[in-house]
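Participant: Attaching a single structure in structure tokens format; questions to follow.
The values are calculated or read from the model by the stated rules, or taken from the named source; none is laboratory data. Nothing here was measured: the structure is a model prediction, and the numbers come from that model. All Cβ positions, glycine included, derive from the backbone under ideal geometry; neighbour counts span all protein chains shown. Just so you know, the surface numbers come from the protein's heavy atoms only, side chains and all, with ligands and any DNA or RNA stripped out. Shrake-Rupley method; radii C 1.70, N 1.55, O 1.52, S 1.80 Å.
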Amino acid sequence: MRIDQPPPTHRVDQPVRRPDLRLGPSRPVPAGSGAPDTGRLSATHTVRTSTAEYTLILNAPYELGRRAVGEALRDAVAELRAVDLTYGPNQPHSLVSQLRREEISPESYPPLADLVDRCAAMRAATDGWFDAWAVPGGFDPGGLLGGWAVERAAARLRAAGIEDYAVLTGADLVVRGTAEHGGPWRVAVHHPTDSRRPPLVLELTSGAVGTSGVTGRQGHVVDPHTGEPADRLVAATVVGPDLAVADAYATALYAAGPAGLAWFRGDSPYRALFAHRRG
């Protein structure tokens, strides 16, 4: 299945070519395409912050040079670390923690205002099922913060002239451009709970996959209407253009259950790939 826009939820294709990337309940890893040398510069780097592990895969034009590729990679990694330190709700001195203590306002820092605005927009888009203000302890953008960090790191790569890349974290990813073999990124999305099922294989030149519910942690998503841990689904996976939005939709769908599938009807650029009920 090749998509530049997300796929409809009823189509499930069998893998016909070896995927470049795999997503599933376990740590995401490059699948190993075995592609011949295409005369481009390739780089893979994994970095861990206090809350997540990220893998960046770059496929850059040779004329860009190895030094520029290395600098772009370092810049993207620095952005991921900066988001963790500056906005992480678990960091006592982060802007989010200061906002929770009412020491600052969102307007004090434009990126913080953007983060708050995104959370408000997703609360409206999901009928309140994504609600960063309903989390115990106060405002917590964790349901989309990881995706927001990845999108900011990806913007750094593009600013450095790299248009072909993949960034993976947990069971989430964002890709753009082409893989090392010159074609779309082939992403095998494994079922979040049933390893016996064949994966859904997407061919992406621009898009993101966000998943909630595969970490094994119980009660990590709260039903914002009751304050109790959500238990309608065991996992939810959403695909669309932006990882922060896909992550937020996946979190909301995990909390809302099947009723949340209504968000993806019509002309929405986001689609639910998996919404697995709890048995």
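Participant: Taking segment 94-141, which trypsin sites (Lys or Arg not before Pro) meet the DSSP loop condition and have no more than 12 other C-beta atoms within 10 Å?
Facilitator: Sites meeting the loop and neighbour criteria: Arg101.
Participant: Normalised by the number of residues in segment 79-159, what is the relative contact order in percent for Cα pairs under 8 Å and 6+ residues apart?
Facilitator: 28
Participant: If you don't mind, there's one more thing I want to ask. Taking Cα Rg over 2.2 N^0.38 Å as the quantity of interest, determine which of [x] 1.26; [y] 0.98; [z] 1.43 was computed from the displayed structure.
Facilitator: Of the listed options [x] 1.26; [y] 0.98; [z] 1.43, [y] comes from this structure.
Participant: Using a simple spin-label model with points 7 Å from Cα along the Cα→Cβ vector, what separation in nm is obtained for Ser268 and Leu64?
Facilitator: 3.3
Participant: Please check the chain for the longest run free of GluC sites (Glu not before Pro) that are loop-located per DSSP (anything but H, G, I, E, B) and have at most 10 other Cβ atoms within 10 Å.
Facilitator: Between exposed loop sites, the widest span is 104-279.
Participant: Summarise the accessible area of segment 171-279 (1.4 Å probe, protein heavy atoms) by the percent that is carbon and sulfur.
Facilitator: Answer for segment 171-279 is 46 percent, counting heavy atoms of protein chains only.
Participant: Under the rule of -39500 (n - 2.57) per DSSP H run of 4 or more residues, summed and divided by the residues of the chain, what mean residue ellipticity at 222 nm is obtained, to the nearest 500 deg cm²/dmol?
Facilitator: Only helices count here, giving -9000 deg cm²/dmol.
Participant: Full extension from Thr46 to Arg17: what is 0.36 nm times the residue separation minus their Cα-Cα distance, to one decimal in nm?
Facilitator: 7.9 nm
Participant: Another question, then. I need the Debye-formula profile for segment 71-155: one equal scatterer per C-alpha, no solvent, reported as log10 I(q)/I(0) at q = 0.15, 0.19, 0.23 1/Å, two decimals.
Facilitator: Each listed q maps to, in turn, -0.54, -0.84, -1.15.
Participant: In the chain, which helices (entire DSSP H runs) extend 27 Å or more along their own long axis, judged by Cα positions, while averaging at least -1.0 on the Kyte-Doolittle scale?
Facilitator: What comes out of the filter, once short or polar helices are dropped, is 66-87.
Participant: Out of the total accessible area of segment 66-166 (probe 1.4 Å, heavy atoms of protein only), what percent is carbon and sulfur?
Facilitator: Result for segment 66-166: 50 percent of the exposed heavy-atom area is carbon or sulfur.
Participant: Just how large is the dipole of the chain about the Cα centre, in debye to the nearest 20, putting +1 at every Lys and Arg Cβ and -1 at every Asp and Glu Cβ?
Facilitator: For this selection, approximately 860 debye.
Participant: Further question on the same structure: Excluding ligands, DNA and RNA, what is the solvent-accessible area per residue of the chain at a probe of 1.4 Å, expressed in Å²?
Facilitator: Ligands and nucleic acids excluded, the figure is 46 Å² per residue.
Participant: Can I ask one more? For segment 71-141, state which chymotrypsin sites (Phe, Trp or Tyr not before Pro) are in a DSSP loop and have at most 16 other beta carbons lying within 10 Å of their beta carbon.
Facilitator: Trp133
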